[in-house]
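The values are calculated or read from the model by the stated rules, or taken from the named source; none is laboratory data. No experiment lies behind these values; they were computed from the predicted model shown. All Cβ positions, glycine included, derive from the backbone under ideal geometry; neighbour counts span all protein chains shown. Note: areas computed on protein heavy atoms with side chains; ligands, DNA, RNA excluded. Shrake-Rupley method; radii C 1.70, N 1.55, O 1.52, S 1.80 Å.
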Amino acid sequence: IREHTQTLLIYDHCSVALLTDAQWWLWPLSGADTAAYPFDAEADPAIGYTLHSGSPRLVLNNRDEGVLATYPSYLVVPIQSAEAVIGTINFGASDLQAFSIEDLRIARLLAFQFGSALQNAERFHELHRIQVA
């Protein structure tokens, strides 16, 4: 994701939120510290909205709290499996008008590809587990 997003979008922050073993984790993909950490994704105004609604969120005059609070504009897109929203890709920018509808389209395509890759990896691991057993 990091490699593709840097050539397609302009942002100051990029992260991925995923549910792993009943805990939400945030993986920062930009900046100096890219260590994952647990957080309350459902309580986060930006990420929680997308998790609950399944809809992307594009905000150009941010007043929200949470992970993206320090960025005047942000973009959050859902990562979906066949059944549900399994996470989000999050972008923050220091410019008030950083993101456009075209950026939203690009981010949604990236999230679709990432969701498909996660599903394929899950299927691969399940197949491997069955073959080993």
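How far, in degrees from 0 to 90, does helix 101-132 lean away from the longest principal axis of the Cα atoms of the chain, to the nearest 10?
20
Just A17, A93, A43 to compare: in a GNM of the chain, with alpha carbon springs under 10 Å, which one fluctuates most?
It is A43.
In Å², and per residue, what accessible area does region 7-117 have when probed at 1.4 Å with the other protein chains present?
So region 7-117 comes to 51 Å² accessible per residue, rounded to a whole number.
Which of I106, L29, I86 sits closest to the plus end of the dipole of the chain, meaning its Cα is farthest towards the positive end, when Lys and Arg get +1 and Asp and Glu get -1 on the C-beta?
Checked the options; the winner is I106.
Give me D for region 67-114 in µm² s⁻¹, whole number, from Stokes-Einstein with Rh from the Kirkwood sum over alpha-carbon pairs, 4 °C and 1.567 mPa s.
So the translational diffusion coefficient is about 114 µm²/s.
Determine ³J(HN,Hα), in whole Hz, for all residues of region 75-87 in sequence, where each value follows from phi through the Karplus function 6.51 cos²θ - 1.76 cosθ + 1.60 and θ = phi - 60°; x replaces Gly and Pro.
Working through the residues one at a time gives 9, 10, 10, x, 9, 10, 9, 5, 9, 7, 6, 10, x Hz.
Keeping the other protein chains in place, figure out the carbon and sulfur percent of the accessible area of region 53-133, with a 1.4 Å probe.
55
Nearest 500 deg cm²/dmol is fine: what mean residue ellipticity at 222 nm does the chain get from its DSSP H runs of n ≥ 4 alone, each adding -39,500 (n - 2.57), divided by its residue count?
Per the formula, -12000 deg cm²/dmol.
Under a plain spin-label model, where a point goes 7 Å from the Cα along Cα-to-Cβ, how far apart in nm are H4 and T34?
Here the answer is 1.6 nm between the modelled labels.
Would you mind working out the magnitude of the charge dipole of region 56-133 relative to its Cα centre, with +1 at each Lys and Arg C-beta and -1 at each Asp and Glu C-beta, to the nearest 20 Debye?
140
Can you tell me the dipole magnitude for the chain around its Cα centre, using point charges on the Cβ only (Lys, Arg +1; Asp, Glu -1), in Debye to the nearest 20?
Dipole magnitude for the chain comes out near 320 debye.
For the ranges 101-108, 18-25, what's the packing order if you count other beta-carbon atoms within 10 Å of each residue, average per peptide, and put the highest first?
Peptide ranking by packing, descending: 101-108, 18-25.
For Y37, Y11, write out the residues from largest to smallest accessible area, computed with a 1.4 angstrom probe and no ligands counted.
Y37, Y11
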